[in-house]
Amino acid sequence: MKFSEVYIKYYSKLRRFAIDFVEDEQDAENLVQDAFMELWKSSDELERINNINAYMFRLVKNRCLDFLKHKVTEQKYAKNVLSTADYRLSALDSFNETGVFMTDLENDVRSAISALPQRCRTIFELSRFEGKKYREIAEMLSISENTVEIQMGIAIKRLKSSLAHYL
């Protein structure tokens, strides 16, 4: 039997057979064409094939199996990629930029306060963190209320300077 005779006799049957498995006409046609290409490459051996019907259906069946295995692998890969993307998207959604900014700001404020001269820092902390009035601080430290006011002015001026990039 010649190649052209095999093609004419089996193409439609093989195409329907492949469509049943891969469920897409274009993919089925491509798979059948691939099977015929393989037959064409070995067309000199065509006369030695005892059952051309079984041979051609086996060629198309194997192509369909390979195609479907590849599809399953692609779907697993795509599912894995989507799963990874979902995880990363979730991580990005939960990332709190404000929290990071506030942590940086807090660290810089602490650092700026630590850089104040000892007496100035003590007065500032008593005023701002403990809520003491200037008069109370003056009595506690045995200094004048005016000194407390001057030291607070110095503290605020230095903190503004140190934290200017936030303002």
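Does the range 40-62 hold any residues that are surrounded by 15 or more Cβ atoms within 10 Å (Cβ to Cβ), more than 19 Å from Phe21 (Cβ to Cβ) and in contact (Cβ under 8 Å) with a residue 12 or more places away in the chain, and which are they? Outline the logic, then answer.
In the first step, residues of the range 40-62 are kept if they are surrounded by 15 or more Cβ atoms within 10 Å (Cβ to Cβ); the result is 46, 49, 52, 55-57, 59-61.
After this cut, where a residue has to be more than 19 Å from Phe21 (Cβ to Cβ) as well, the list is 46, 49, 52.
Those that are surrounded by 15 or more Cβ atoms within 10 Å (Cβ to Cβ), more than 19 Å from Phe21 (Cβ to Cβ) and in contact (Cβ under 8 Å) with a residue 12 or more places away in the chain: Leu46, Ile52.
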**OP:** Could you list, in sequence order, all residues of the range 83-93 that are of a type in the set (A, V, I, L, M, F, W, C) and surrounded by 10 or more Cβ atoms within 10 Å (Cβ to Cβ)?
**Re:** Ala85, Leu89
**OP:** Scan the range 1-29 for residues that are within 37 Å of the chain's Cα centre (by Cα) and exposed (fewer than 15 other Cβ atoms within 10 Å of the Cβ) and report the count.
**Re:** 4
Original post:
Pairs, please: C-beta under 8 Å, at least 6 apart or cross-chain, first residue outside the structural domain of Arg15 (by TED's automatic domain parsing) and loosely packed, with under 10 Cβ neighbours inside 10 Å and in the range 63-82, second assigned to a helix (DSSP H, G or I) and among the aliphatic types (A, V, I, L, M)?
Top reply: none
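The values are calculated or read from the model by the stated rules, or taken from the named source; none is laboratory data. This one's a predicted model, so the numbers in the text were calculated from it and none came from an experiment. Ideal geometry is used to build each Cβ from the backbone, glycine not excepted, and the neighbour counts take in all protein chains shown.
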